[in-house]
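Asks: Please read through the structure below; I'll follow up with questions.
The values are calculated or read from the model by the stated rules, or taken from the named source; none is laboratory data. Note that the structure is predicted; figures quoted are calculated from it, not measured. Cβ sites come from the backbone with ideal geometry, for glycine too, and all protein chains shown count toward neighbours. For accessibility, only protein heavy atoms count, side chains too; no ligands or nucleic acids. Shrake-Rupley method; radii C 1.70, N 1.55, O 1.52, S 1.80 Å.
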Amino acid sequence: MKTNTSFMQRWFGRGWLSLGYLFLYLPIVVLVVFSFNSSRQDMVWSGFSLQWYAALMQDTEIINGLGLSLRIAVMTAFASVVLGTFAAFVLDRYRRFTGRTIFAGMVSAPLVMPEVIIGLSLLLMLVSVQKAFGFPERGLTTIWIGHTLLGMAYAAVVVQSRLQEMSKSLEEAAMDLGCRPYQVFFLVTLPNIKQALGSAWLLTFTLSLDDVVLSAFLSGPGSSTMPIVIFSRARLGLDPRVNAVAALTILVVTIGVIASSLYIARAERLRQKQISSAGQE
């Protein structure tokens with residue numbers, strides 16, 4: 001009886017897990033499959049074809065949107081990591097200073113505030129600044145400002161969690177040996193949090209590349225990012241070229257995940273080997 005109960009519990013859990021994976025990934029599989037469909041009609045398979053991938057190469061709107069999205073995402077990732085790292089360092093290393101509570105609230109506010117509110121407030125502010133100074137024009141710069149505001153909050157959370165785990169004795173030892181505070185930060189602190197910096201960079205890059213709401217508020221004529229182009233086409237009916245874009249994006253992400261997993265596994269094996277060698281000595 002006990003064996004039957006454990007058997008049912010095990011397979012019941014596996015069944016729910018399988019249903020969860022199907023719910024998450026089956027739509028993606030269907031999308032990839034129908035990117036090779038020769039028909040323009042959704043969910044009507046009429047034969048294998050690569051015509052939509054060929055048509056995608058001629059679609060200047062999507063290609064220009066992708067190029068703009070990549071430029072903004074790279075700029076946002078670097079700016080978010082720099083600003084988020086400084087904010088996280090201040091919040092973690094300096095426990096008491098005037099205005100700390102307000103500063104901490106301002107850093108974390110974009111995490112809990114709806115993007116619609118952020119986009120609308122930024123739009124009103126930037127329009128006022130443009131009327132007063134004639135800069136910036138709505139486009140790449142304004143989208144980058146909005147994405148950086150949001151990305152900085154996420155980067156600060158990632159970096160601050162790593163700083164909290166890091167032993168402060170390393171920094172104290174460096175200062176005892178004569179290092180100045182800026183030397184301790186660049187020579188001791190940054191090397192120890194480099195993995196968190198990489199994670200924050202990838203996270204903010206992905207958030208920027210995928211953002212629709214902020215980009216819709218802050219974009220101008222001729223500055224539509226790829227998500228905006230896809231969203232505008234989806235409202236008029238799914239375009240098979242959008243399926244091709246999604247399939248290529250999934251391919252790139254899959255290659256990136258596999259490569260990073262292999263790199264992490266290799267680094268871990270090397271670390272374990274070094275620990276074993278040190279123990280034998």
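Asks: Only residues that are under 16 Å from Ala55 (Cα atoms), at pLDDT below 80 and of a type in the set (Lys, Arg): list them for the stretch 225-269, please.
Replies: Arg233
Asks: If you go through the stretch 198-220, how many residues are of a type in the set (A, V, I, L, M), touching a residue at least 24 places away in the same chain (Cβ under 8 Å) and open to solvent by 40 Å² or more (accessible area, probe 1.4 Å)?
Replies: Filtering the stretch 198-220 for residues of a type in the set (A, V, I, L, M) gives 200, 202-203, 207, 209, 212-214, 216, 218.
Adding the requirement that they be touching a residue at least 24 places away in the same chain (Cβ under 8 Å) leaves 200, 202-203, 207, 209, 213-214, 216, 218.
Going one step further and asking which of them are open to solvent by 40 Å² or more (accessible area, probe 1.4 Å), we end up with 202-203, 207, 209, 213, 216.
The qualifying residues number 6.
Asks: Checking the structure you have, find out if any residue of the stretch 59-79 is modelled with pLDDT of 90 or more, open to solvent by less than 60 Å² (accessible area, probe 1.4 Å) and over 30 Å from Ala244 (Cβ atoms).
Replies: Checked the stretch 59-79: at least one residue is modelled with pLDDT of 90 or more, open to solvent by less than 60 Å² (accessible area, probe 1.4 Å) and over 30 Å from Ala244 (Cβ atoms).
Asks: Please go through the stretch 174-221 and give me each residue that is among the small types (Gly, Ala, Ser), part of a helix (DSSP H, G or I) and modelled with pLDDT under 85, ordered by number. First the steps, then the outcome.
Replies: Taking the stretch 174-221 as the starting set, the residues that turn out to be among the small types (Gly, Ala, Ser) are 174, 178, 196, 198-200, 208, 215-216, 219-220.
Retained after the next criterion (residues that are part of a helix (DSSP H, G or I)): 174, 196, 198-200, 208, 215-216.
Listed by number, the list holds a single entry, Ala174.
Asks: Out of Leu17, Leu91, Leu24, which single residue is part of a helix (DSSP H, G or I), out of contact with any strand residue (DSSP E or B) (no Cβ under 9 Å at 6 or more places or on another chain) and in the same structural domain as Val158 (by TED's automatic domain parsing)? Spell out how you get there, then give the answer.
Replies: Working: Leu17 fails: in the same structural domain as Val158 (by TED's automatic domain parsing); Leu24 fails: in the same structural domain as Val158 (by TED's automatic domain parsing).
Answer to the selection: Leu91.
Asks: Listed residues Ser232, Ser223; which is open to solvent by less than 50 Å² (accessible area, probe 1.4 Å), free of Cβ contacts under 8 Å to residues at least 24 places away in the same chain and closer than 30 Å to Phe135 by Cβ?
Replies: Details: Ser223 fails: free of Cβ contacts under 8 Å to residues at least 24 places away in the same chain.
Being open to solvent by less than 50 Å² (accessible area, probe 1.4 Å), free of Cβ contacts under 8 Å to residues at least 24 places away in the same chain and closer than 30 Å to Phe135 by Cβ holds for just one of Ser232, Ser223, which is Ser232.
Asks: Within the set of pairs 6 or more residues apart or between chains, which connect a residue that is touching a residue at least 40 places away in the same chain (Cβ under 8 Å) inside the stretch 44-69 to a residue that is among the basic types (Lys, Arg) and surrounded by 12 or more Cβ atoms within 10 Å (Cβ to Cβ) with Cβ atoms less than 7 Å apart?
Replies: Trp52/Arg241; Ala55/Arg241; Leu56/Arg241; Asp59/Arg241; Ile62/Arg241
Asks: Quick one: is Ser128 in the same structural domain as Ser223 (by TED's automatic domain parsing), at pLDDT below 90 and not aliphatic (A, V, I, L, M)? Let's see the steps before the verdict.
Replies: Values: in the same structural domain as Ser223 (by TED's automatic domain parsing): yes; at pLDDT below 90: yes; not aliphatic (A, V, I, L, M): yes.
Taking the combined requirement at face value, the residue satisfies it.
Asks: Moving to a separate point now. Given the options Phe135, Phe185, name the one that is within 26 Å of Val74 (Cβ to Cβ), open to solvent by less than 50 Å² (accessible area, probe 1.4 Å), over 23 Å from the mean Cα position of the chain (by Cα) and among the aromatic types (Phe, Trp, Tyr).
Replies: Working: Phe135 fails: open to solvent by less than 50 Å² (accessible area, probe 1.4 Å).
Result of the check over Phe135, Phe185: Phe185.
Asks: Hey, does the stretch 262-272 have a residue that's of a type outside the set (D, E, K, R), within 21 Å of the chain's Cα centre (by Cα) and closer than 30 Å to Leu91 by Cα?
Replies: Residues of the stretch 262-272 that are of a type outside the set (D, E, K, R), as a first pass: 262-265, 267, 270, 272.
Next cut, within 21 Å of the chain's Cα centre (by Cα) only: 262-264.
Subset that is closer than 30 Å to Leu91 by Cα: 264.
Yes; the residues of the stretch 262-272 include at least one that is of a type outside the set (D, E, K, R), within 21 Å of the chain's Cα centre (by Cα) and closer than 30 Å to Leu91 by Cα.
Asks: Being farther than 20 Å from Thr76 by Cβ and among the aromatic types (Phe, Trp, Tyr), is that true of even one residue in the stretch 192-201?
Replies: No, the conditions are met nowhere in the stretch 192-201.
Asks: Further question on the same structure: Just one of Phe135, Phe97 is assigned to a loop (DSSP other than H, G, I, E, B), closer than 18 Å to Pro221 by Cα and of a type in the set (A, V, I, L, M, F, W, C); which is it?
Replies: Just a single option satisfies the conditions, and that option is Phe135.
Asks: Just give me the residues in the stretch 78-121 being in contact (Cβ under 8 Å) with a residue 24 or more places away in the chain and charged (D, E, K, R), in sequence order. Outline the logic, then answer.
Replies: Here is the first cut: in the stretch 78-121, the residues in contact (Cβ under 8 Å) with a residue 24 or more places away in the chain are 78-81, 83-85, 87-89, 91-93, 107-111, 115-116, 118-120.
Residues satisfying the conditions are Asp92, Arg93, Glu115.
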